[in-house]
Each structure stands twice: as C-alpha cells, then as structure tokens.
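Here is the structure we will look at.
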Amino acid sequence: MPKVTFILRDGSRRAVEFEHGKLEYLGHGLPESFLDVAMNLDVPLEHACGGSCACTTCHLIIREGMQNLSEMEDNEADRLDTAWDLTTASRLGCRAVIKGDVVAEFPLYTRNYVQEGGAIQLGKPDQVAADDTRKAEVGS
Ligand code: FES
C-alpha cells in the first residue's frame, strides 16, 4: 500500500495511503497518479486543465521516491518545460503514476491562468468585445 506524503505550500505535511486497484477513478489525470490520489483523498492539488497535460498547475517536486514513479513521457517533459520553478525532480501530478512510497512537495507557485483571470478564459473577452462592437454599430 503506497504511502504518499504531500508537503503543502505552508510547509505542513499530508500523508495518505491507497491500495493499488482500489481507488475510484474520477477522470482526472492518469489512474493512480498524484492527481487521482489527491482527488480521492481530498488533497488540494490544482489541476486547471482537468489532468490532461495541458497546463502546469499540478507541478510537484519529488523529494523522495522518484524510483517509485512511472517513467516520464515526452508530453509530460514538454509541458514541464513551461512550469515555474522547474527542477530536475519536477513531475506533473496528473502524469506521474505512483508505484510505491513517495514524498512530493508543492512548489511555492504555479501558473494558473484560470484563477488569475488570464488568457485561458477563451471566448469571454472576445465575446465582450464583439458585443461592444455591435452596440457601437447600432448606436451610430
Ligand atoms: S492538471 Fe494540467 S497538466 Fe496536470
């Protein structure tokens, strides 16, 4: 039964355990990845893209047990290149599948464009601009 210790941003530790094959798969990240474990056991791991390897909000720094994780695939490596505070021990929580005991630390910051109200909110700014343009045309 793997023990997963998360070191949260405030420095506190949250240790959880799970049994292989027994987690309910909630559709976020790879089964038995950090994100899957976190969602099942109420650990607040951000996942702005829903665990599809399209952001870096699930970035974790592995402090112990790197050998107990799945090998990194090219898509994870490519995405990690855009992470803030990238280290040689970095992994994406939605891609790294847990095979044994591991300690993972949340970085101090992640780029979360959704929470920051940024560019990932597709459509809204353009829609507002289009509405404003229409109002201006009607008014002129
Ligand atoms: S949740 Fe977006 S890359 Fe992992």
Unique match (being within 11 Å of the chain's Cα centre (by Cα) and surrounded by 18 or more Cβ atoms within 10 Å (Cβ to Cβ)) among Leu69, Leu35, Leu30: Leu35
Just one of (1) out of contact with any helix residue (DSSP H, G or I) (no Cβ under 7 Å at 6 or more places or on another chain); (2) surrounded by 13 or more Cβ atoms within 10 Å (Cβ to Cβ); (3) not acidic (Asp, Glu) trips up Lys22, so point out which. (2)
So which residues in region 54-79 are acidic (Asp, Glu), away from the ligand (no atom under 14 Å from the Cβ) and in contact (Cβ under 8 Å) with a residue 12 or more places away in the chain, if there are any at all? Glu64
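Give the residue that is farthest from Val97 (Cα to Cα), with candidates limited to residues of region 1-17 that are in contact (Cβ under 8 Å) with a residue 60 or more places away in the chain and assigned to a loop (DSSP other than H, G, I, E, B). Reasoning before the result, please.
Step one: of region 1-17, the residues in contact (Cβ under 8 Å) with a residue 60 or more places away in the chain are 2-9.
From what's left, assigned to a loop (DSSP other than H, G, I, E, B): 2, 8-9.
Details: Pro2: 11, Leu8: 19, Arg9: 22 Å.
So, considering only residues that are in contact (Cβ under 8 Å) with a residue 60 or more places away in the chain and assigned to a loop (DSSP other than H, G, I, E, B), the one farthest from Val97 (Cα to Cα) is Arg9.
Where a number appears in this text, it was derived from the coordinates with a stated rule and is not lab data. Source: prediction; values computed, not measured. Please note: Cβ atoms are built from the backbone with ideal geometry, for glycine as well, and neighbour counts cover all protein chains shown.
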